[in-house]
Structures are given as C-alpha cells and as structure tokens.
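Here the structure is laid out as structure tokens; the discussion comes afterwards.
The values are calculated or read from the model by the stated rules, or taken from the named source; none is laboratory data. Because the structure is a prediction, the values reported are computed rather than measured. Glycine also receives a Cβ, built like all others from the backbone with ideal geometry; neighbour counts cover every protein chain displayed.
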Amino acid sequence: MENFRTNGILAVTLLIAGVSDPATAQDAGQILRDVERNLPRSEPSAPTLPSLVPPTPETEFLKEGDTVRVTGFRILSTLFSEQELQAQLSSYIGRDCTLGDLREAAAQIARYYGKHDYLARAILPSQTLENGIVTIQVLEARMGRVLIDSSSNTRLDPERAADFIHAQNAAGEPLRPSAIATGVSNLTQIPGMQALGVLDAGQEEGTTDVRLKLLEPKPVNTTLLVDNSSVREIGNIRALGMMTVSNTFGMGEQLALTGQVTKSSRYMQVLAGAPVMDGEYWLEAMGGALRYEIDKKYNAATPKGDAQTVALNVRWLGLRTSSDPVNFALGAEHKWTNDRLAGLESSDNGVAAVTFAAYRRLRDTWMGGGAFVLNGQLKAGFVDLSGNRTNKEFDKATARTQGYFGKANFSVARVQNLWTDGDARVTLSAQISTRNLNSAEQFTLGGLGAVRAYPASVGNGDQGALLNVEIGHRVTDDLRLSLHWDAGVIEQHKNTWDGWQDLSSPHNQYVLQGVGAEVQWTPFSNVQARATVSHYVGNDGSRRITSAALDSRRRDLQAWVQLVLTV
C-alpha cells in the first residue's frame, strides 16, 4: 500500500514536470479563478437624498426695527410636549427680540425636530404678542403617497416602488427623512437604477408626498468584448459576450448571461437576482461552468479538465442615509474542479466557502475633487481533495491544502483630479491567508488588471500585495492617454515544505514590477478601444531563467489590446 502511494505521488510529480514552465502550470481551479476575476462588473450606484419640504410663507407681524420683550413661548405641536420644546428656547426669555430673532427661535425648534429624525417646519403665525407671549406653530410632516414623476424612465411597477418607501415610513405616520432616504437607497440596489426622492405637498392636509424620479437602463443590454488578456496555455485571445435582461416584469429583477471563448476553453455563467423584503435586501444566485484543454506544446501530458461553481449572495446597505452608503454582502459558494493528465484523472477537488464583503465609495472635493473606493472581503472555507486519492496523498506530502482555510482580501483605490482633464488613479490591493491555499483561492500578480508587464497568471501565491499607479490626461472628449507603474509582491506558500523549490520558482517571496503607457479611445458612446504596452522592471523571480534569457525578456514589451462594444 505504501509503495502504491509513493508511486502515485511520483507519477503526479512527473506529470507536473512535463509542463514547459512549472511556475505557471495551469489547473481547473486556477483557470476558473482567472476567468471569473476578469469578468466585467458594474459598481453599485449611490442614492440621492430627498430634498426638503418647500417653505411655507409667514406673516410679518413686527415691522423692521421693532422689538418685543419675550416673556414666554406658546408652541403648537404634537410629537413633543410643549414643556420640552420651551426648554430649547430658554435663552430668549427676558430679551428684546426682533422678528429675525423670533424666526431664529422657530428655526431652532425645527432643528430640534430634525435632530430627532422628524421633518417639520416651525412658523410664526399672525399674532398680537399679547403680554410678550410668542406663538410658534410646528407643521409636522406626515407620510402621504408615493408617486412616480412623469419625467421618469422606468418599468418598475408603481405599487412596487411605493412598497420600498412605505416599508420604511408607513402612510399617515410622522415623516422621517432618514426612512425616506433608506427607501430611496434600497431602490438603487436594483442594478442600474438611479433614484431621486423629492418631497412635495400631499393631497390630504398635513401630509407630504414622496415623488420619485427613476431612471433605469433599457430592458436588454448586450456587451461584446475581444482582447488578449487570457492565459497563454488556453489561448491569449478571448471573446466574451454578456447579455443583461433587467426589470422586464416590473419587480426590479435582473438576469445576466455571460459566455467566454478562447482557443482551448469555454466558460458560461448565469446570474439572477431580485430585491426581497421590499428592497431591504438584494438576493442573487449564480452558476458557472468551465471546460479547458491545454495544447501539448505547453505540456506534453495535454492537461484538460472542467470546473463548476454555484453561489448565493445577499446584499444590503449600511449607512443608508448617507450619500455614500456601505454595500454589504453575505454569500455562500461551492466550486468543483476536475483535472486530467495524459488521459488519467489527476485531481477531483471541492471547495466550499462563506464570504462577507463590504464596499464603499467616498467622494470629496479635496484638491479639485476625487473619490476613495474601499473594498474588503473575509472568506472561510473547506477544501476537499478526497475525490482523487493520489492527489490527496500528494497534497499531504507537499502543500497540505486539504481542510479548513481562511483568507482576507482588501483594496483601497483613489481617483484624484490633478489638473484640467488630468487625473491620477492609485490602487492598493492585498490578500492574506491562514494556510496554504487551493489554486482557486490564490492571489496573482500578472495580467491586464495587475502588473501589466507580465502575462496573465504569472506570480501566483497564497499571500500578496499589488500597487497600481496611473496618471492620465484626456486629450479630447474621446481620447485619454496615461502612464502607469505596477508593482507587486507575492508569497507563493504560506508554509513551505522540503522540496517545494522543485515544483515552482526557487523564491518563495519575490517582487514583480513594470512601467508602461495606455491609450483609451471612445469614438462612439457604445464603443471603446484600449491599447496598453508595459515593460519589465527589475528581476523576474517567478521562474528559473538564465541571465541571458532574462536580459532578452527585459527587452520585450507586453502588449494588451481590448475592444468593447455595448448594444
């Protein structure tokens, strides 16, 4: 039995050695990771807070320059006791006040309401000011109807839209601005939906209506993409198509179909989502499938395999009353990967995990304006290698990825205006892990979205960090030029073992970096073309290579070309 295990491990080792470059050997988990990482994604849109109730005209009962000695206040209200509100105006008692002073006193009452999340306007009705008593009338807003403005362009059912708002602030109840803002924020969880809530005079006396201005994309959107960002072993050139069907039933639902083709791989993904619990949450389900085959010129054993992934996610908003809310997500996923070498199964793995993620965009006016984009994700999961006994024994003798794992990813990005039509974009991203990871969960440095001087899937490891710095200038409305510097550090294995150098780069930790330029051209609103060139800087620690060959590689430029058409 022991000889069987030893021979099995040796066989796997020999098959891996058949790869022309062991440091970039591909398997289904790694290919699945790279494919899903490079799929187009849209960012959540930020809500707009509702405006205030239009001011109510007041009667001028004091002439300019006249004063009144204030002896007390009579406050007409229902939500707070008169004594509680009178206590807010104690500093005015015994003073000679002008009309402006009295209006400030009324405004102080309105601010007190606002502090307690009520919308109200305090006015000074016509009065005689007998015995120095000042009357303040508080117009307390109560929730009325929810209407969709005629200028809106939306398919969302009006009753469905009203449910989003009334779930936070029921009709007839005191109107709370934060509740209205939350309802409007929840509407923006529908992908592509832009929402603005405007408060207006209600149909019934004492009520305030919410008039929604909604704008959403057309029901069917299609994106076609062609570029050379794929992994070399399955074909650099990829063609991707994504069709999104949005809100066709008026319930806020969305269906997205994605397909990707390279020379030696096929990938399909189906994603469906809808708002639930009157927009409190966005529920989303995803399923994807991959099939690949590597040409024998890269590996004499002609590896082939397949992978499947399913996921269920729920999203919600935090700090909903802010113009920059936090997007939270809780999810569960499962991945299955299967690889074959020389016609023999070499691995049959399963990875199950739960994730918690947060996203926030913070806009500001510093130095001409800019924004921070913050992303973070925690993942805990279990790797099951029991589907293939030989692979499990090989893993036990090497990386020991079988079992529970945890990892954290984060990124901080800053977009900053520098001068007229000039900007800087800086992104720092990183991953840390609790142990050695399955290839589907590793960090990577190479590729169009990373260190652009290196091919996709170069520089893989359990832990790493990546810094991208770009300075650009918009020459015309449709042409942008930029320069970039990319640098990353990778740790291949959280924990090393005897003989690990024979399977990958001799350096467990190394740095990759490069510099380059990019031109982005948008000749039409639905067409965008990008061309990027980048040059290696420093040593290439990702592989064993002679000095002569390294010098030759340094003279090479890595070029990327991408064409995107949206219809």
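Some notes on this structure:
- No other residue among Tyr118, Tyr113 is outside the structural domain of Ala170 (by TED's automatic domain parsing), aromatic (Phe, Trp, Tyr) and part of a helix (DSSP H, G or I) apart from Tyr113.
- Among the residues of region 146-165, the one identified as in contact with a Gly (Cβ under 7 Å, 6 or more places away or on another chain), outside any loop (DSSP other than H, G, I, E, B) and surrounded by fewer than 23 Cβ atoms within 10 Å (Cβ to Cβ) is Arg160.
- Sole exception among (1) more than 22 Å from the chain's Cα centre (by Cα); (2) in a strand (DSSP E or B); (3) small (Gly, Ala, Ser); (4) crowded, with 18+ Cβ neighbours inside 10 Å for Ala289, by number: (4)
- Positions within region 468-499 being crowded, with 17+ Cβ neighbours inside 10 Å and under 29 Å from Asn438 (Cα atoms), in sequence order: Asn468, Asp486, Ala487, Gly488, Val489, Ile490, Glu491, Gln492, His493, Lys494
- Scanning region 365-404 for residues that are exposed (fewer than 15 other Cβ atoms within 10 Å of the Cβ) and of a type in the set (S, T, N, Q) returns Thr365, Ser386.
- Residue in region 480-488 that is more than 22 Å from Tyr536 (Cβ to Cβ) and without any contact (Cβ under 8 Å) to a residue 12 or more places away in the chain present: no
- Region 87-103 residues that are in contact (Cβ under 8 Å) with a residue 12 or more places away in the chain, paired with ones that are of a type in the set (Lys, Arg) (beta carbon under 7 Å, 6 or more apart): Asp96/Arg69
- Among the residues listed as Arg400, Arg425, the single one being under 24 Å from Ala450 (Cβ atoms), in the same structural domain as Gln463 (by TED's automatic domain parsing) and out of contact with any Lys or Arg (no Cβ under 7 Å at 6 or more places or on another chain): Arg425
- Taking strands (runs of 3 or more DSSP E) as the structural unit, those lying wholly within region 431-547 and holding at least 1 residues that are among the acidic types (Asp, Glu) correspond to 463-476, 479-491, 509-524.
- Subset tally (residues that are at pLDDT 95 or above and touching a helix residue (DSSP H, G or I) at 6+ places or on another chain (Cβ under 9 Å)) for region 249-262: 2
- All of Asp421, Asp384 fail the test of being over 27 Å from Leu466 (Cβ atoms) and at pLDDT 95 or above, apart from Asp384.
- Residue in region 64-81 that is modelled with pLDDT under 85, under 26 Å from Gly202 (Cα atoms) and either in contact with a Pro (Cβ under 7 Å, 6 or more places away or on another chain) or among the acidic types (Asp, Glu) (or both) present: no
- Every condition in (1) touching a helix residue (DSSP H, G or I) at 6+ places or on another chain (Cβ under 6 Å); (2) of a type in the set (Gly, Ala, Ser); (3) surrounded by fewer than 18 Cβ atoms within 10 Å (Cβ to Cβ) holds for Gly449 except the one numbered (1).
- Put simply, of Ala413, Ala430 the only residue that is among the aliphatic types (A, V, I, L, M), farther than 30 Å from Asn338 by Cα and surrounded by fewer than 24 Cβ atoms within 10 Å (Cβ to Cβ) is Ala413.
- Some residue of region 278-295 being under 23 Å from Ala450 (Cβ atoms) and touching a Lys or Arg at 6+ places or on another chain (Cβ under 6 Å): no
- The residue that is modelled with the highest pLDDT, counting only those in region 334-364 that are surrounded by 18 or more Cβ atoms within 10 Å (Cβ to Cβ), under 20 Å from Val383 (Cβ atoms) and charged (D, E, K, R), is Lys335.
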